[in-house]
Amino acid sequence: EILAINAFEDPADGKEWIATSGLDYRWTFADESVTEALAVKAVPTQIILDREGKVVWTSSVTSLMGGADAVFEALDAAL
């Protein structure tokens, strides 16, 4: 399941964009407690959690992402 967490923006602005985006996954809005708990330092940040909810992979604009291959490898490892 993909969950998009929108941080650092006004939820009203984000909800308007989501409604017109056509993207089909769950969205929620976060405050600083969530971004601190997940150690988000930059936006966007991608985080993969395993079935137990443990962070197994993270990447952001401040790191070398490795492209789509790195994401798929992390997903395979988490599943």
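I'd like the full set of residues that are over 23 Å from Glu9 (Cα atoms) and at pLDDT below 80, limited to region 50-64. Passing the criteria: only Leu64. I'd like the residue in region 25-56 that is charged (D, E, K, R) and outside any loop (DSSP other than H, G, I, E, B) and, out of all such residues, is nearest to the chain's Cα centre (by Cα). Checked region 25-56; the qualifying residue nearest to the chain's Cα centre (by Cα) is Arg26. If you go through region 1-30 and pick out every residue that is open to solvent by 90 Å² or more (accessible area, probe 1.4 Å) and more than 23 Å from Asp76 (Cα to Cα), you end up with 7.
Yes/no matrix, rows are residues, columns are (1) modelled with pLDDT under 80; (2) touching a His at 6+ places or on another chain (Cβ under 6 Å); (3) open to solvent by less than 80 Å² (accessible area, probe 1.4 Å):
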site: Glu32; (1), (2), (3): no, no, no
site: Glu36; (1), (2), (3): no, no, no
site: Ile48; (1), (2), (3): no, no, yes
site: Gly66; (1), (2), (3): yes, no, yes
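The values are calculated or read from the model by the stated rules, or taken from the named source; none is laboratory data. In this text the structure is predicted, and so the values were computed from the model without any measurement. Here Cβ is always computed from backbone atoms with ideal geometry, including for glycine, and neighbour counts include all displayed protein chains. Accessible surface areas use protein heavy atoms only, side chains included; no ligands, DNA or RNA. Shrake-Rupley method; radii C 1.70, N 1.55, O 1.52, S 1.80 Å.
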